1. Only one residue in B:319, B:325, B:307 is part of a helix (DSSP H, G or I), in contact with a His (Cβ under 8 Å, 6 or more places away or on another chain) and either within 14 Å of chain A (Cβ to nearest Cβ) or under 16 Å from residue B:26 (Cβ atoms) (or both). Which one?
2. Restricting to region A:144-171, and then to whatever is among the polar types (S, T, N, Q) and open to solvent by 80 Å² or more (accessible area, probe 1.4 Å), can you tell me which residue is farthest from residue A:124 (Cα to Cα)?
3. Scanning for something open to solvent by less than 30 Å² (accessible area, probe 1.4 Å) and assigned to a loop (DSSP other than H, G, I, E, B), does region A:34-41 turn up at least one residue?
4. Being touching a residue at least 24 places away in the same chain (Cβ under 8 Å) and of a type in the set (S, T, N, Q) is true for just one of B:178, B:201. Which residue is that?
5. The conditions are (1) within 20 Å of residue A:304 (Cα to Cα); (2) part of a strand (DSSP E or B), and residue A:195 fails exactly one of them. Which is it?
6. Quick one: in region B:290-304, of everything that is open to solvent by 30 Å² or more (accessible area, probe 1.4 Å) and touching a Lys or Arg at 6+ places or on another chain (Cβ under 9 Å), which residue is nearest to the other protein chains (Cβ to nearest Cβ)?
7. If I ask for residues that are among the aliphatic types (A, V, I, L, M), closer than 16 Å to residue B:241 by Cβ, in contact with a Ser or Thr (Cβ under 6 Å, 6 or more places away or on another chain) and outside any helix (DSSP H, G or I), which ones from region B:132-187 would you list?
8. (1) assigned to a loop (DSSP other than H, G, I, E, B); (2) under 26 Å from the mean Cα position of the chain (by Cα); (3) not acidic (Asp, Glu): which one isn't true of residue B:313, the others all being true?
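The values are calculated or read from the model by the stated rules, or taken from the named source; none is laboratory data. Please read all numbers here as calculations on a predicted model, not as lab measurements. Cβ atoms come from the backbone with ideal geometry, glycine included; neighbour counts cover every protein chain shown. Quick note on the areas: whole protein, heavy atoms, side chains included, nothing else; ligands and nucleic acids left out. Shrake-Rupley method; radii C 1.70, N 1.55, O 1.52, S 1.80 Å.
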2 protein chains.
Amino acid sequence: MKSKRKTVKKMEFNDFMNNKGEWLKGTGSHSNIVMSSRIRLARNLMLKPFPNKARKKELTDILTEIHGAMDSIELFKGSTFLKIGELDNIEKQFLIERHLMSHDHAVNTEGKALVFSKEEGLAVMINEEDHLRIQVMQSGLNLNDTWEVANSIDDELSSKLDFAYSSKWGYLTACPTNTGTAMRGSVMLHLPALVMTKQVNKVLAAVSKLNFASRGFYGEGTQASGNFYQISNQVSLGHSEQEIIQNINGLIRQVIDQEEQARQALLVQNRPMLEDKIFRSFGVLKNAHIISSQETVEMLSMVRLGIDLEIIKDLDRGIINELFIMIQPAHLQKIEGKKLLVADRDIKRAKLIREKLGGEK
Amino acid sequence: MKSKRKTVKKMEFNDFMNNKGEWLKGTGSHSNIVMSSRIRLARNLMLKPFPNKARKKELTDILTEIHGAMDSIELFKGSTFLKIGELDNIEKQFLIERHLMSHDHAVNTEGKALVFSKEEGLAVMINEEDHLRIQVMQSGLNLNDTWEVANSIDDELSSKLDFAYSSKWGYLTACPTNTGTAMRGSVMLHLPALVMTKQVNKVLAAVSKLNFASRGFYGEGTQASGNFYQISNQVSLGHSEQEIIQNINGLIRQVIDQEEQARQALLVQNRPMLEDKIFRSFGVLKNAHIISSQETVEMLSMVRLGIDLEIIKDLDRGIINELFIMIQPAHLQKIEGKKLLVADRDIKRAKLIREKLGGEK
């Protein structure tokens with residue numbers, strides 16, 4: 001049995017290599033600045049202990065109940081179902097790198113599972129902090145549509161499962177900060193011009209004052225890298241989902257405006273410097289034979305800006321977006337089919353980038 | 001009269017743009033390490049004061065006498081004759097950058113002239129420190145042939161001119177360190193692997209102990225840049241020309257051996273690092289839009305090493321050698337046809353390099 005499962009899983013992982021998540025396609029509204037929009041809903045089953053309080057048997061029962069409900073829902077047809085406890089470390093890291101699950105979901109794996117759709121626009125963590133964490137992600141600034149999808153999944157699931165809900169507190173969650181709508185909307189923004197013109201901290205301070213959180217590209221607790229900033233609502237209580245989304249959208253539009261202005265100012269005031277930075281970065285990516293992920297992310301950010309400003313032509317933004325994911329350690333190791341030391345990863349990473357960008361052989 | 005001369009000179013300067021000196025062709029013995037070989041002879045007319053002691057009329061008479069003698073010598077047919085006092089600052093700098101004359105020759109220009117052959121393998125400064133400074137330069141390690149050419153020019157000139165010569169001291173020169181043969185042989189070496197492996201100072205210390213001098217690419221008093229080192233004899237007294245050349249050759253062959261060994265060691269021990277350095281440099285040169293001469297020279301050095309090690313294929317070493325000359329300030333200004341500020345030169349330099357290397361448009 002075990003070897004059979006392994007085979008199936010290996011095939012699935014190999015399939016992922018050739019796919020990229022819909023949210024990486026670099027299309028949709030404001031896609032020159034907005035990488036992706038994400039809605040996350042937390043849900044828990046009524047009268048069942050939260051995962052951190054549940055015993056082994058309870059966790060397994062919860063998983064079985066949720067998995068059973070999903071099986072009969074059309075939206076989950078063709079999805080991948082993985083029990084986290086059956087994955088090795090590289091596989092778990094791989095799923096984190098693809099933004100399909102959290103770091104927390106990779107530890108204490110009892111009763112934990114991950115379900116995600118073919119294009120990875122939908123992912124459900126089972127028995128993470130809450131019984132269900134439903135994530136819907138799309139390319140570009142598109143929180144409204146993203147919310148519609150999340151909402152319809154929530155409707156379908158709640159027709160099969162009884163969710164813990166209080167008319168006073170809304171959806172009940174393991175952590176009280178998530179009660180109410182139990183919804184978090186977040187938008188991933190690429191803000192290289194605000195960084196270059198040293199305005200980004202001022203902008204993020206304003207975001208924080210308005211009770212929104214900002215994080216790095218690689219999730220909660222990570223530093224901003226590659227000039228990516230993920231902005232999301234802090235508070236999910238006291239407002240409807242639509243109001244929260246409207247607030248995020250309003251804020252995001254202001255940040256987009258500021259980034260646009262900073263880009264135009266750079267173009268007008270210092271185009272040669274900008275072209276130099278952009279093409280040097282492109283040159284490094286097409287020619288390096290050893291490159292760290294930190295340097296890669298910085299160079300990719302400049303190339304993405306080059307595409308957005310039409311300084312680099314004939315290069316698809318999606319290829320650059322995809323590289324942000326592919327150059328991560330677990331991805332490199334999955335592609336290579338074996339564990340790699342850091343030094344070897346830096347060589348493989350450089351080779352992969354050259355191939356993807358048609359650089360030096 | 002003045003405007004006529006100007007026109008002729010302008011045309012000549014434009015011709016230089018499209019030529020490159022024979023010594024830059026990157027051919028000849030050991031051309032993977034040796035850029036060029038040079039013989040310089042100092043000669044003075046008998047019973048005439050050395051230039052630093054001569055009055056204006058005397059300097060003019062000396063110039064007239066030497067120019068007259070050259071006119072009747074076949075070897076000087078087709079040469080360019082320039083009175084230094086008639087050149088502007090950029091033109092003088094341009095000739096220094098091409099290694100055709102010294103910095104000293106560009107100041108106090110009374111009676112000073114420069115004669116050089118079409119392929120720039122032969123250059124004669126008149127009334128620099130000595131009445132005549134004859135320079136013969138060739139590509140690769142080739143001091144013997146270079147000496148033969150210099151010697152035949154000396155023979156021809158001495159059949160028309162009386163040179164100051166003492167049977168005890170040999171050729172008499174303005175500076176006593178040049179008496180005797182009044183010959184300096186020098187070889188320009190490219191030693192990137194000795195620099196990278198931090199052995200170059202040890203090698204140069206040994207060179208210095210053996211009474212040889214080492215200097216940078218851009219002549220006396222300049223720092224080594226682009227990993228180029230010019231090694232020449234310090235002493236010209238007490239040995240025949242052939243003995244001096246034999247000694248230099250012996251020393252140079254040892255330095256070449258050490259550089260070869262360092263290159264092989266790098267290839268065996270750290271090929272990925274070497275490929276990374278080489279291709280990154282190539283990538284920067286093909287993509288930069290702003291580049292200083294210092295950075296250019298460092299990057300060109302790595303690309304030249306890449307060609308020598310056959311890591312970079314299908315690129316002629318001569319193009320790289322030529323770029324070491326073309327990227328200098330006066331060359332850029334001559335190409336552009338006007339004075340350029342440093343910031344503008346950095347942009348023009350980057351553009352020229354991209355064009356020459358078929359890089360980003």
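1. From the options B:319, B:325, B:307, the qualifying one is B:325.
2. So, considering only residues that are among the polar types (S, T, N, Q) and open to solvent by 80 Å² or more (accessible area, probe 1.4 Å), the one farthest from residue A:124 (Cα to Cα) is A:167.
3. Within region A:34-41, none of the residues are open to solvent by less than 30 Å² (accessible area, probe 1.4 Å) and assigned to a loop (DSSP other than H, G, I, E, B).
4. B:178
5. Failed condition: (2).
6. Among residues in region B:290-304 that are open to solvent by 30 Å² or more (accessible area, probe 1.4 Å) and touching a Lys or Arg at 6+ places or on another chain (Cβ under 9 Å), the one nearest to the other protein chains (Cβ to nearest Cβ) is B:290.
7. Selection gives B:136, B:182, B:183, B:187.
8. (2)
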